[in-house]
1. Would you mind checking the pairs Lys87/Lys308; Lys160/Lys200; Lys24/Lys87 and listing those with alpha carbons more than 27 angstrom apart?
2. Could you please rank Thr336, Thr228, placing first whichever residue has the fewest other Cβ atoms within 10 Å of its Cβ?
3. Give or take rounding to whole Å, what are the principal axis extents of the alpha carbon atoms in the chain, in descending order?
4. Roughly how far apart, in whole Å, are the Cα centres of segment 128-155 and segment 259-309?
5. Which order, highest average first, do 27-33, 258-264, 84-90 follow once you tally other Cβ atoms within 10 Å for each residue and take the mean per peptide?
6. Tell me, what HN-Hα J-couplings in whole Hz come from the Karplus equation 6.51 cos²θ - 1.76 cosθ + 1.60 at θ = phi - 60° for each residue of segment 216-232, using x for Gly and Pro?
7. Can you list the HN-Hα couplings for segment 192-200, worked out from phi with the Karplus curve (6.51, -1.76, 1.60; θ = phi - 60°), rounded to whole Hz and with x for Gly and Pro?
8. Give me the dipole magnitude in Debye, nearest 20, for the chain about the Cα centre, with unit charges on the beta carbon: positive for Lys and Arg, negative for Asp and Glu.
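Just so it is clear, none of the values below were taken in a lab; they were calculated from the coordinates. Predicted, not measured: the structure shown is a model, and the values here were computed from it. Cβ: placed from backbone, ideal geometry, glycine included. Neighbour counts: every protein chain shown.
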Amino acid sequence: MDLFIALDVSLASTALCALNAHGKVVKEAKVDSEPEALIAALRALPGDVVAMGLEAGPLSQWLHRHMTEAGFPVVLLETRQVKGALKAMPIKTDRRDAEGIARLLQMGWFRPVHCKSVSAQEMRAVLSTRKSLQQTLINLELSLRGVLRNFGLKMGAVTKIRFEARVRELVDGNPMLERAAAPVLRAREELRKELAGVEKLLRDLAKTDPDCRLMMTMPGVGAVVALTMRTAVDDPERFRSSKDIGPWAGLTPRRTQSGERDVIGQITRAGDAALRTALYQAANAVLCRSAPSWLKAWALRVAARRGKKRATVALARRIGVVLHRMWRDGTEFRFTRDEAMAAMTRHTC
């Protein structure tokens, strides 16, 4: 008997649902969210597992790896599609979610998600640490600005290096404010040291990775952008065309059509938010600070027609496409069209 298995994973337990080829529920159970317990429960089922699906989430890639090593045909399901399908159910429980995922798997109405390699997940963990430290540092500074503003003490525009001196200058002579600011400034200094250490680690990782070094030949692309692209895509061969990077990163316009109504709105913001942010930051760097290149000239022409904001989004999308093509072809960035065309001619000959 062929079985379609669905796992609705939570932190402590996992709801398991098994359907046969005719859509009849064969088995429902609740199992601990541990690979050993899940593998034992799956092997006890009466039949052959044709496909097993679980919604992409925090524990999914870890479980996917163990299930694959155990020999099960596992697929990760795209979260937005699963959520949209399960919204039709009037009662939402883990058991019903597992059954809904199993029926999506049986019908084939799902979009598979790539399971990242262990090295990509490890690099992503370092990038997440950097983002957390950076955001905490920003929140501390904003909090201190707000506290001082209550007493009419305005920080004004100040650099990160001058921030501490400016705070001490404002609170000088007020013992209570000095005591309030001192622990925040000490915590800020420690956070800056830790952030500097993580950023040095990221630069070292990018230098030792040949794919990242290749991407960093493009203007506006540094260690963080290159590593974010490297860890988000993981395997460049899983995209048939480099143009698929734009929709996958959520950088293409949303469209709603019904009858005579056809609305083209803002970008979809689907996919990896970290990659989308990194590409947008790279686009800003190209427009504002980089050396002249065909890519910058193209973006400036778009800005003249459609405005800078739309040009930045369009440039972010194109940077993703070009980075993917560079990665697949193993070629460095060409600053002029003539160089690019000459390289293409040599490649085809």
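1. Values: Lys87/Lys308 38 Å; Lys160/Lys200 18 Å; Lys24/Lys87 21 Å.
Beyond 27 Å: Lys87/Lys308.
2. Values: Thr336 12, Thr228 26.
Ranking Thr336, Thr228 by Cβ neighbours within 10 Å, fewest first, gives Thr336, Thr228.
3. 77, 67, 51
4. 29
5. Values: 27-33: 15.1, 258-264: 7.4, 84-90: 11.3.
So the order, starting with the most tightly packed, is 27-33, 84-90, 258-264.
6. Ordered by residue, 3J(HN,Hα) equals 6, 6, 7, x, x, 9, x, 5, 5, 5, 5, 5, 5, 5, 4, 7, 6 Hz.
7. Values per residue, Gly and Pro as x: 5, 5, 5, 5, 4, x, 5, 5, 5 Hz.
8. On the way: 57 positive and 37 negative charges, 393 e Å.
The calculated dipole for the chain is roughly 1880 debye.
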